[in-house]
Structure formats: structure tokens, C-alpha cells
Amino acid sequence: MTLSLNGIVGRGEFERMLDISVADGEVLAITGPNGSGKSTVIHTIAGLIPLRSGKLQSDDTTWDEPATNTWIASENRTCAVVFQDIRLFAHMSVISNVAYGLRARGVRKDEALSRSETLLARVGLTSFSNRRPNDISGGERQRVALARALVLEPRVLLLDEPLSAVDAASRSGLHELLPELLAGFAGSTVLVSHDPADVEALASATIGL
Amino acid sequence: MKQRTSPSLKVIAGIAAAFIALPLLSILVRTPWSDLGDMLSQKSTRQALTISLQTSVIAALISCLFGVPLAWLLARSRTRGLSALRVVCITPMVLPPVVGGIALLTAFGRQGLVGRFLYDWWDVSLPFTRTAVVMAQVFVAMPFLVLAVEASFRQSDKGLEEAARTMGASPSRVFFTIALPAARPAIIAGLALAWARSLGEFGASITFAGSFPGRTQTLPMAVYELVSVDYRLSLVLSLVLIFISVAVLAAMRDRWMVGR
């Protein structure tokens, strides 16, 4: 069992009991209408919000368990996030965005850059290295965000509405790319989406909020 | 769409603008332009100008070095009592500068709270030195930088910092690679403000550092001392200060807009 969360997630007034587990290679989809707390689940797993109670663990490591005061900080969790609002660093080039996490985790600069180049090629952005996030299309930014998450080779991949922020034209391209990327991903994936078609195409299991 | 302004408002606004512009223009009119070169090359003038530039640049840099982390703390820390700390830190902005000078003497003078030990243990006496000039300038100028930069940190996108953390960046790495670049326009604006304020500093410096020509006398002090002795020379030095101030404003005009 790679990722398991059994407890209460919450932010502000919102609170929700949850019991999920995601095995290696599995894609769990969390669905529900806007405001049902889907992003809160993602942020809790990523360590941006603490659990209200219960336990969150990945492999044999406990990430968050309020009862025992166990807390692994966000930067030390082996998970990567593709945020709903993408969140690329506008003051850095595309390649620096992708290499950022590797550099932060102590990978040498030339190795970080070459691994980032490889990932950019995999998402179809071969000659985009020196472009700026603000100079590329929404679909291309989404691809950079995917590359930025996958390059870290995380155990847990968190995708928050990975297809919602892009226009229809680049959407179709991503519809082919995303299943391909997920098929090649060894860890557990949690996917948040309000679109039944996306869930159908990507997920191996589904829960509704 | 163009908005029409009422004529009476225009008149009042005109009076306000004239009240500010007229004294500045008067200096331009009364400046002895023919003797300008001679007066500027006088030793006392050059000394005061050099001390002013040197101390104000150092004060602005120190304000930046210490003020930016302080602004970050004020903007992001959730420690209790922080609002009280903020009030203390920006007090020099509204404090009469001469009171600031007295306060510095009380803390760092030979008999001062801290200064006593500096003097007893290491034979260090701060008042009436050029270091004292810089200290007085930092005291009055740093709050301007802190306020400008803190506002920028507050408005900056926390989502980007979160993203950086999920990618493995430590809090200090997030600060240096994400938060600091985002605040750059505000830091530059704050530096300019702090420098301009340091350059014009008078009350706190003359109280804490005195006005010794060639040692602690800055341009504003020289202007003040010359008014009754050599009015024409004080006009020339005033002109220099006006020129530098206007130049700072002109150079920073675009930065202000970014900062807003």
C-alpha cells in the first residue's frame, strides 16, 4: 500500500471524513462539485494543510498524525503536485521551473538540467527550455507543470484538475498525453476532477465527495 | 472616458501645487549661478557633499540588509505581539527626528544603556563620529523601506511559495528564490526612499553626531549652519540637495508604478 489517508481533512468551516488508499500504479479519482473540498484533500496530502485527526502515510512513513504529533514538512514529502492554477514561477525560464525541485533536493546543476530536458521532451516541449511561462500557451504551461512534478520521480503524484485550466484545442492534446504519462508513472496518483469524462479516461478507482 | 473636473477644485488644487512648487522655484531663481562653479568646488562644500553621499549610501544599504528580513517577518510570522513590534519599528517615521537623536544618545552615548559597556569594555565611543551619522540615518530611514517591502510581501502570491515547498525547497530557499525576486521592485523603491531620507536627515544626526566640518557635517547640516553666515552658499548647497532629490524621483518613477 503506497498512500493511505484515514482521517478528517478540513479547512476553515469545511470538514470531511475520508478513508482512501492508493496502490503503486493506481490512479484514484476524487470527484465532486465545486466547493466540496477536493483541493483540500490534495493540499492535505501535500502537507500544506494539517489533518484534523487520523493518519496519513506513504509506504511505511507517517507524514501526518496529529495524535502522535507526527508531521513531515511539505518539502520533505516524496510527493509532487500539479496545482489547479498551475503556479509556474514567472521570473524563471521553463527549464529553471522544471529543474527547481531537483536543485532544491540537492541534484547537481548539469544533471538537473539534463533530466529536465528529458522530461520536457516527454511532454512535447523540446525547444521550450528558454521560454518564459508568460510567453507560452495555457496548454503548454500545463505541460510544464506536469514535467515539473514528474521530474522529481515522486512516490505520490497529486493532480488538481489537470485539464480544467486549458483551452479546448490544447485540451485534446493533453487528453492523449496524460494517460501516457500516468501509464509510465510507478507511484500512486490522486486525481481531482469535476469532469466525468476525464475520470473515465484516467482513473482506476473513484470516490465522490 | 474623460472626466470633467469642477473649476473651483482646479483652483484649490492649483494653490496646493503652487505652494509646494514656489519655494523650490525661488531657490532656482536666487541661486548665484555665475559663482556656482567656484562655490561647488570649495573645500567645505566638497567635504559636506562627500560625507553626505558616503553616509547616506551606507545607511540605505544597511537599511536594506536588515530591513528586508524584518519586513518578511512582519509580513509572514504569526507570532503574537508582532503588531506591537510593527508599531515600534515604524515609529521613527512620525517621531520628531531630534527626539530620535536623543533616543540614540540615551542608548549609545558614553553614559547610555548600551554605549556605557561599549566604552568601558572596548573603549568605543559612538556619538559625534561618522558611524553615528550613519546610525541616525538608518534609524529614521529604515522604516520607510520596511513598510514598502512588507506591503509587497503581503500582496505576493503565497501559492507560488507553497508550490516551491512541495518541490522540496526549504523555507530559506523559498525566501531567496521565490519571495525575494517577487519583491524586487518594492525593494528597489524602498532603497531609493531610504537613501533619499538618509540624504536629507538632519535632526537625529545633528543631535547624535554633531555638526563637525570634515567629520560629521552632512549637506543638510552645512545648509543650516550657513544660512546666517553665507546665505548664497547655503542656497547653492540647497540646490544640490533639490537636484539629487528630483533625480531620485525621476529615476524611480517607473518603479513606483510597479510597486503600486
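Read the figures in this text as sums done on the coordinates, not as results from a lab. Not measured: the values here are computed from a predicted model. Don't worry about glycine lacking a Cβ; one is built from the backbone with ideal geometry, like all the others, and counts go over all protein chains shown.
For the stretch B:96-204, what are the per-bin percents of Cα-Cα distances with bins 10 Å wide, up to the bin holding the maximum?
Each 10 Å bin holds this share of Cα pairs: 14, 30, 23, 21, 12, 0.
Counting other beta carbons within 10 Å of each Cβ, put A:Met17, B:Met39 in order, fewest first. Kindly include the intermediate steps, with their values, before the conclusion.
Details: A:Met17 12, B:Met39 19.
Going from least to most buried by this count: A:Met17, B:Met39.
As a test of the formula, what do you get for chain B when each DSSP H run with n ≥ 4 contributes -39,500 (n - 2.57) and the sum is divided by the residue count, at 222 nm and rounded to the nearest 500 deg cm²/dmol? Working shown, then result.
On the way: 13 runs with 196 residues, N = 260.
After summing the helix terms and dividing by the residues of chain B, the value is -24500 deg cm²/dmol.
Using just the helices of chain A, give the 222 nm mean residue ellipticity in deg cm²/dmol: DSSP H runs with n ≥ 4 each add -39,500 (n - 2.57), and the total is spread over all residues, rounded to 500. Each step should come with its number before you reach the end.
Working: 6 runs with 70 residues, N = 209.
Only helices count here, giving -10500 deg cm²/dmol.
Please state the charge dipole magnitude for chain B, taken about the Cα centre, from unit charges on C-beta atoms (+1 on K and R, -1 on D and E), reported in debye and rounded to the nearest 20. Spell out each step's value before the answer.
Working: 24 positive and 12 negative charges, 164 e Å.
Using only the charged Cβ atoms, the result is roughly 780 debye.
Lys and Arg at +1, Asp and Glu at -1: add these up for the other residues within a Cβ distance under 15 Å of B:Arg78 and post the number. List each step's numbers first, then the result.
On the way: positive: B:Arg76, B:Arg80, B:Arg86, B:Arg154, B:Lys158; negative: B:Glu150, B:Glu161.
Residues close to B:Arg78 contribute a combined charge of +3.
Could you check which residue among A:Phe128, A:Phe83, A:Phe14 shows the biggest mean-square fluctuation in a GNM of chain A with a 10 Å Cα cutoff?
Judging by the Gaussian network model, the answer is A:Phe14.
Counting other C-beta atoms within 10 Å, which of A:Ile8, B:Ile58 has the fewest, and how do the rest follow?
Details: A:Ile8 14, B:Ile58 17.
Listed from fewest to most nearby Cβ atoms, that is A:Ile8, B:Ile58.
So, in nm, how far is label B:Val11 from label A:Ser93 when the simple model puts each one 7 Å beyond its Cα toward the Cβ?
That separation, rounded to one decimal, is 6.3 nm.
Report the local net charge at B:Phe175: Lys and Arg +1, Asp and Glu -1, summed over other residues whose C-beta lies under 10 Å from its C-beta.
Working: positive: B:Arg76, B:Arg173; negative: B:Glu161.
Charge balance near B:Phe175 sits at +1.
Dipole of the stretch A:91-153, Cα-centred, from +1 at each Lys and Arg C-beta and -1 at each Asp and Glu C-beta, to the nearest 20 debye?
Working: 11 positive and 6 negative charges, 25 e Å.
Around 120 debye, computed over the stretch A:91-153.
Are there any helices in chain B, counted as whole DSSP H runs, that stretch 30 Å or more along their axis by Cα and score at least 1.6 on average by Kyte-Doolittle, and if so which? Don't jump to the answer; show the numbers that get you there.
Working: long enough: B:7-30 (33 Å, 1.82); B:43-76 (49 Å, 1.02); B:130-155 (38 Å, 1.21); B:231-259 (41 Å, 1.48).
Span-like helices in chain B: B:7-30.
Take the Cα of A:Leu209, step 7 Å along the line toward its Cβ, and report every residue of the stretch A:141-161 whose backbone nitrogen sits under 20 Å from that point.
Of the residues in the stretch A:141-161, A:156-161 have backbone N under 20 Å from the label point off A:Leu209.
Percent of Cα-Cα pairs more than 25 Å apart in chain B, please.
Numbers: 18909 of 33670 pairs.
Everything past 25 Å amounts to 56 percent.
Taking 41 Å as R0, compute the FRET efficiency from the Cβ-Cβ separation of A:Glu111 and B:Leu180 and round it to 0.05.
Computed FRET efficiency for A:Glu111 and B:Leu180 comes out at 0.95.
With +1 assigned to the C-beta of every Lys and Arg and -1 to the C-beta of every Asp and Glu, and no other charges, what is the dipole magnitude of the protein assembly as shown about the Cα centre in debye, to the nearest 20? Walk me through the numbers on the way to the answer.
Details: 44 positive and 37 negative charges, 367 e Å.
Dipole magnitude for the protein assembly as shown comes out near 1760 debye.
If the chain between B:Ser34 and B:Ser125 were fully stretched, how many nm would it gain, using 0.36 nm times the residue separation less the Cα-Cα distance?
Working: separation 91, 0.36 × 91 = 32.76 nm, distance 4.36 nm.
Contour length minus the Cα-Cα distance gives 28.4 nm.
For the protein assembly as shown, place one equal point scatterer on every Cα, skip the solvent, and apply the Debye formula. What is log10 of I(q)/I(0) at q = 0.06, 0.08, 0.10 Å⁻¹?
Ignoring solvent entirely, the Cα scatterers give -0.43, -0.68, -0.87.
For A:Asp135, A:Asp160, B:Asp230, what's the fewest-to-most ordering of other Cβ within 10 Å of each Cβ?
Details: A:Asp135 10, A:Asp160 23, B:Asp230 16.
Lowest count first: A:Asp135, B:Asp230, A:Asp160.
Around A:Gly187, what is the net charge, scoring Lys/Arg as +1 and Asp/Glu as -1 over all other residues with Cβ under 15 Å from its Cβ? List each step's numbers first, then the result.
Details: positive: A:Arg77, A:Arg155; negative: A:Asp24, A:Glu26, A:Asp59, A:Asp60, A:Glu153.
Its environment carries a net charge of -3.
Counting DSSP beta bridges in the protein assembly as shown, what percent are antiparallel, to the nearest 5?
55 percent
Please name whichever of B:Leu147, B:Val94, B:Ala16 sits farthest to the positive end of the charge dipole of the protein assembly as shown, dipole taken about the Cα centre and charges placed at Cβ: Lys and Arg +1, Asp and Glu -1.
It is B:Ala16, whose Cα lies furthest towards the positive end.
If the elastic network links every pair of Cα atoms under 10 Å, which of A:Asn134, A:Asn69, A:Asn34 fluctuates the most in the Gaussian network model of chain A?
A:Asn69
Report the relative contact order of chain B, percent, no decimals, based on alpha-carbon pairs under 8 angstrom and at least 6 residues apart.
Values: 305 pairs, mean separation 75.4, N = 260.
It comes to 29 percent, rounded to a whole number.
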